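See structure below.
The values are calculated or read from the model by the stated rules, or taken from the named source; none is laboratory data. In this text the structure is predicted, and so the values were computed from the model without any measurement. With ideal geometry, Cβ positions are generated from the backbone for all residues, glycine too; neighbour counts draw on all protein chains shown.
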Amino acid sequence: MRKPMNRSLARLEPSGIRRINALAAEHPGCIALALGEPEFDTPASVREAAKAALDRGETHYPPNNGTLDARRAIASHMAEEEGLRFAPDEVILTDGATEALSSTLAAMLDPGDEVIVPTPAFGLYESIVRMHHARAIPLDTTHHGFQIDAATLRAVCSDRTKAIVICSPNNPTGCVLDARSLDAVARMAEETGAYVICDDVYHRLVYEEGVERFAARHPELRAQTVIVDSFSKPWAMTGWRLGWVAADAEVLAQIAKAHQYLVSSAVSFVMPAVQTALGIDPAPAIEVYRARRDRVLAQLAFMGLPVVEPKGAFYAFPSIAPTGLESGEFCERAIREVGVALVPGTCFGAEGHVRLSYCVSDEDLDEGMRRLAAFVAGL
Ligand code: PLP
């Protein structure tokens with residue numbers, strides 16, 4: 001008889017987002033406000049850089065951690081952008097932020113360790129943690145405007161806490177962590193010795209000045225901080241599978257081993273496009289998203305669905321409490337009855353909400369919001 005496979009993995013459910021997308025695909029004409037990627041194309045100059053690398057024959061195994069040129073470009077970009085000082089040897093190019101998170105957690109976790117995940121949260125964190133026979137401990141932020149409350153954080157930390165994952169701006173709420181939240185995380189990291197994993201993939205997509213990053217505010221915790229970043233969202237490069245992880249040399253050395261065993265390296269011929277992409281200012285895309293966000297907020301207010309104002313990314317996470325429906329039923333009925341797809345809050349550990357993405361064309365967004373309003377009005 002066949003032996004069971006990884007029991008922790010077997011217990012993981014397939015992503016609920018996939019179920020919603022499959023249901024939406026069964027309804028022709030359904031408008032998907034459920035996606036997590038820009039509808040723009042990768043800038044032409046970035047595509048040209050990769051094509052030129054292919055034409056030069058850069059199709060061999062690259063250095064495991066990425067080419068020195070690409071790591072230098074990232075290190076100086078981080079320094080110029082926000083004064084985050086990492087040597088090129090403290091950077092690894094990864095297969096997207098997804099692999100950066102997998103390699104980081106693989107390098108850190110022992111069975112039975114706990115990782116604090118403030119919810120609502122991107123589902124990947126919990127899945128990776130559980131695959132490593134560790135526990136994801138949710139920290140509910142819904143009653144604190146999606147901010148991290150120091151006392152609530154303290155209550156979920158223990159001597160088993162290995163890491164705290166933060167994501168600002170957040171997927172699915174679009175909220176950015178304020179100084180008090182960042183300081184609360186820093187205090188607990190200091191007291192427990194836990195790592196702070198900063199999923200910063202949306203940090204360039206913010207709608208106001210002065211949004212602080214954890215690593216910039218708390219340089220004293222450099223030895224415990226890991227930064228995960230990606231080319232996917234600011235430069236519309238989701239299919240390139242290109243991201244990076246930056247951390248203090250000793251921590252990075254362990255992550256490098258995990259990275260090597262998991263994937264060996266990122267893709268060779270996309271690495272020469274790193275510098276080109278980093279040189280492109282995503283400001284025009286941000287202005288487009290900001291205008292859409294403002295329309296979404298106005299329309300949600302009209303529908304009577306409360307929402308905490310998103311300050312970044314391209315998501316809103318309204319409460320559906322006034323409708324009296326659970327989020328799964330709300331989303332399934334919205335697809336079947338009016339042809340608009342949203343993602344249930346349960347996919348992010350937060351019942352009573354739905355995630356609405358506004359990284360779609362203006363026409364689709366307006367029509368999708370019109371359908372949503374009709375659905376809510378008819379409940
Ligand atoms: N982190 C967050 C918060 C995300 O929303 C996503 C993708 O949606 C990722 C990481 C993964 O990004 P990548 O495409 O770089 O793997």
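At a glance:
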read-out: Residue match in the stretch 179-197 (condition: surrounded by fewer than 24 Cβ atoms within 10 Å (Cβ to Cβ), modelled with pLDDT of 95 or more and on the phi > 0 side of the Ramachandran plot); value: yes
read-out: Leu35, sole failed condition from (1) exposed (fewer than 15 other Cβ atoms within 10 Å of the Cβ); (2) of a type outside the set (Lys, Arg); (3) modelled with pLDDT under 95; value: (1)
read-out: Residue match in the stretch 41-62 (condition: in contact with a Gly (Cβ under 7 Å, 6 or more places away or on another chain), closer than 30 Å to Met369 by Cα and surrounded by 10 or more Cβ atoms within 10 Å (Cβ to Cβ)); value: no
read-out: Subset tally (residues that are more than 15 Å from the ligand (Cβ to nearest atom), farther than 15 Å from Val165 by Cα and not acidic (Asp, Glu)) for the stretch 92-111; value: 1
read-out: Residues of the stretch 79-104 classified as part of a helix (DSSP H, G or I) and surrounded by 22 or more Cβ atoms within 10 Å (Cβ to Cβ), total; value: 9
read-out: Val360 being without any contact (Cβ under 8 Å) to a residue 24 or more places away in the chain, within 26 Å of His203 (Cβ to Cβ) and surrounded by 14 or more Cβ atoms within 10 Å (Cβ to Cβ); value: no
read-out: Enumeration of residues in the stretch 305-338 that are farther than 23 Å from Leu23 by Cα and within 16 Å of the ligand (Cβ to nearest atom); value: Pro310, Lys311, Gly312, Ala313
read-out: Residue in the stretch 27-34 that is more than 16 Å from the ligand (Cβ to nearest atom), closer than 30 Å to Val288 by Cβ and assigned to a strand (DSSP E or B) present; value: yes
read-out: Out of Glu208, Glu191, Glu212, sole residue that is away from the ligand (no atom under 16 Å from the Cβ), of a type outside the set (Val, Ile, Thr) and within 17 Å of the chain's Cα centre (by Cα); value: Glu212
read-out: Verdict on Glu81 being within 16 Å of the ligand (Cβ to nearest atom) and either among the charged types (D, E, K, R) or farther than 26 Å from Pro169 by Cβ (or both); value: no
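Residue by residue, here is whether (1) farther than 16 Å from Ala163 by Cα; (2) surrounded by 18 or more Cβ atoms within 10 Å (Cβ to Cβ); (3) within 11 Å of the ligand (Cβ to nearest atom) holds:
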{"position": "Asp200", "(1), (2), (3)": "no, yes, yes"}
{"position": "Glu220", "(1), (2), (3)": "yes, no, no"}
{"position": "Thr225", "(1), (2), (3)": "no, yes, no"}
{"position": "Ala253", "(1), (2), (3)": "yes, no, no"}
{"position": "Ala256", "(1), (2), (3)": "yes, yes, no"}
{"position": "Leu262", "(1), (2), (3)": "yes, no, no"}
